[in-house]
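One structure below.
Just so you know, all these numbers are worked out from the coordinates, no wet-lab data involved. Fair warning: this is a prediction, and the values are worked out from it, not measured in the lab. Cβ placement follows ideal geometry from the backbone for every residue including glycine, while neighbour counts extend to all protein chains displayed.
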Amino acid sequence: MKQMRWVLLLLALVVSCSGGVWLYQVDLGPLAQASMATPRIYAYRSWQSVGIQVKAGDVIHVRARGRWLYTPGEHHGPEGHATYPAPDTYPIPGANIPGGVLLARIGEEGLPQLVGRGRTLVADRFGTLYFRINDDILSDNEGYVTVEVRVEPLSP
C-alpha cells in the first residue's frame with residue numbers, strides 16, 4: 001500500500017511539473033515589449049525601446065495615452081504635470097517644461113525630445129527609438145502610458 005502511495009505521489013508530481021512546463025510554453029508569462037500592439041512606457045523605468053529603428057530623415061508620428069504618477073498622489077497623462085516644472089536634474093529641464101512629460105530619443109546617445117500626448121519628429125540619425133518620463137528619480141513612480149508610433153520613411 002505504501003508503494004502505491006509513493007507511485008501516486010510521484011505521478012502527481014510529474015503531471016503537475018509537466019503542466020507547469022506546458023503553461024510556460026504557451027506564453028502565459030511576460031510579453032516582450034516589441035510584441036505588444038501598443039508598447040507600454042513605464043514611469044519607473046529609464047529609457048525604454050519600442051523595437052523600432054529609424055533612419056535620418058524619417059518622419060516619426062507618436063501618439064500617447066495613459067496615466068502615470070511621478071508626484072505622490074497626483075496622476076497625470078503623458079503631457080506632464082500642469083503645476084510642477086522640470087528642475088535642472090531632469091533629462092529636459094526648464095521652467096516651461098513640465099515634469100513627468102513623455103520624452104523620446106533616437107539611439108543611445110540621441111538628445112531627448114518632448115513628446116507629451118503626441119508629436120511628429122524628424123529623425124536626425126539612424127537608431128532605435130526610445131521613450132521615458134521626464135523625471136530624475138524613477139523608483140517612486142507608478143503607472144505607464146502606451147505609445148502608437150508610425151514611421152514614414154524618407155522618400156528616395
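Annotations
- Near residue 89: Cβ cut-off under 15 Å, other residues only, Lys/Arg at +1 and Asp/Glu at -1. The net charge is -3.
- Cα centroid of the range 79-97 to Cα centroid of the range 107-156, whole Å: 16
- Summing charges over all other residues whose Cβ lies under 14 Å from the Cβ of residue 103, with Lys and Arg as +1 and Asp and Glu as -1, gives +2.
- Within the range 76-98, backbone nitrogen closer than 18 Å to the virtual label 7 Å beyond the Cα of residue 146 toward Cβ: 76-79
- Pair residue 49, residue 154: separation of 7 Å Cα→Cβ label points (nm): 2.2
- At full extension, residue 120 and residue 65 could sit 18.3 nm farther apart than now, given 0.36 nm per residue minus the alpha carbon distance.
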